[in-house]
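Worksheet for the structure shown next.
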Amino acid sequence: MRSRSTALRTVGVAAALVIAPAAAGAYAHDSVTVTVHPAGARPGDEVEIRVQGCEATAGAARSRAFAVAAELSELSAGRSGSVQESDGGSDSGAGRGSGRTGHGHGSRALTGVTVLAPEATPGVYDITVACGGHDHPAPGAVRIAESRPRPDDRATPVAPIRAGGGGTAVLSTGKQAGHGGEAEDARHGGEPEDAKDGKDAKDTGSAESAGPSTPHTVVGLVLAGVAAAVVAFRSSRRRRTGSD
Amino acid sequence: MSGEGSQGSGRLVTGVAWAVLLLGLWLWGRGTAGGPGASSAPTTGDVAAVGRPPGVPLPPAHAPVEPARPDRVDIPSLGVAAAVVVPRGLDAAGAIDPPPYSMARTVGWYGSGTQPGARGASLLVGHVDTETRPAVFYGLSAARPGEKVRVTRTDGSVAEFTIDDVQVFGRDRFDARKAYGPRRAGRAELRLITCGGTFDRAAGSYTANVVVSAYLTKMSRATPVSPG
């Protein structure tokens, strides 16, 4: 009897030792907060998501209010910069992308960009932040304002779009930088015209498509020379032997 | 080589030499032509569209339907699956503003313009790449006439378009009416637009737009999806 109660007590203590730190860890992670900028955006508007208190360098913020989940990262790198900051009260201007560590225990600020769901009805929606390997439910919410009535002026697009950062552009050596060789060839089928416009940054690509390259020309000349030599040799032999 | 006895072997040598020569010429010709895809690459600028390759029948157009906003787009032949479509406006230069690079898998549509399935041209834009990696319309220039584009609309219907033209428009002589306007009156048309040409590192942008044109050929209902 005594041994069993001892065993039970031991198991109980062990269980408490295991559960307590996990519970403490869960409570510690509840310091995650999320804010949406600008406040009061309308359906279809672009918004920036800011998360404080995550101990990871990446994550995601999901909500029924978002058209697509916002990917969170430490630096707001590579954005087209079209999110307008209108709230001057926060520390929005300073230190974006420079690793704010204003809170003592080394937690970071993560940011991401998304678009409010164009079909969402106005109201308040919970946001779930996933970082550090698990979800943090409802560390904040987003409010969607009434959608503005569409203006009647039908401005039409008149200019070519800017829709690429060049990360997969063909390197200056003319070799393919990414996969999809056929796509690269097709995309660069317009190179001779673009080169003449004088805006082309490299010349080797257009030179290749203008005609056979040097190795090809050399091989062609060699083959032509061989053909000529064979013909000459055969004709001389024919003369000598008198028959084919 | 001398004497009558060597005539047979001489002929053999000559035959082999010719065969080697012809083989070499054939390989050289293939090498110069630049491999597959050269004949069906999209044409540039203001040249009239090359159109479909021989043997690709294009289906008849479906009459335009009631307008509804797009929600998702699928282009199976290019590996674009259930890409979210969000409304976008124009930037200061008068060009449709694509979604930011951090939403590289999202497609934008010109929200003040024609809705997909309605009469006219509905405009979808997406990045070909970000500063570091491919984006949702990376493979767009490999699209070919006859391939399908499916737009799932907010009313639950699926508008299926058939591609009938792929062209590259240089930025300098950009024909906005041809790129953005309807090609044939009375049809419901779709444009898929991304960047192409070469990347001008000094300007930080590509030198051309790839414009894929498609027209409505089928309507159906979407299979119900659990709400996300």
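By a 1.4 Å probe calculation restricted to protein chains, A:ARG234 has an accessible surface near 60 Å², given to the nearest 10. Relative protection proxy for B:86-92, B:213-219, A:119-125, B:101-107, from highest mean packing down: B:101-107, B:213-219, B:86-92, A:119-125 (other beta-carbon atoms within 10 angstrom).
Which residues in region B:193-223 place their backbone N less than 19 Å from a point set 7 Å from the Cα of B:ASP91 along the Cα-to-Cβ direction? Counting only backbone N, you get B:193-212. Per-residue mean of foreign Cβ neighbours for A:138-145 is 0 (Cβ atoms of other chains, 10 Å radius). Between the listed residues B:ALA92, B:PRO116, B:LEU78, the Cα displaced farthest toward the positive end of the dipole of region B:50-221, a dipole computed from Cβ unit charges relative to the Cα centre, is found at B:PRO116. Annotation for the B:A interface, with buried accessible surface near 6300 Å², both sides summed [1.4 Å probe; non-protein components not counted]. Partner shielding of B:214-223 amounts to 0, given as the average count of beta-carbon atoms from other chains within 10 Å of each residue beta-carbon.
Which loop-located GluC sites (Glu not before Pro) does region B:126-192 contain, where loop means any DSSP state but H, G, I, E or B and the Cβ has at most 15 other Cβ atoms within 10 Å?
Here the sparse-neighbourhood loop sites are B:GLU131.
Computed about the Cα centre, the dipole magnitude for region B:50-221 is approximately 360 debye when only Lys and Arg (+1) and Asp and Glu (-1) carry charge, each at its Cβ.
Computed over region B:50-221, relative contact order equals 25 percent, with contacts defined as Cα pairs under 8 Å that lie 6+ residues apart.
Of the whole protein surface, A:SER3 contributes about 90 Å² of accessible area at a 1.4 Å probe radius.
Shielding value for B:199-206 is 6, the average number of Cβ atoms from other chains within 10 Å of each residue's Cβ.
The values are calculated or read from the model by the stated rules, or taken from the named source; none is laboratory data. As the structure is a computational prediction, the values presented were derived from the model and not from experiment. When we count neighbours, we look across all protein chains shown, and the Cβ atoms used for this are built from the backbone with ideal geometry, even at glycine. Areas reflect the complete protein model, heavy atoms only, side chains present, ligands, DNA and RNA absent. Shrake-Rupley method; radii C 1.70, N 1.55, O 1.52, S 1.80 Å.
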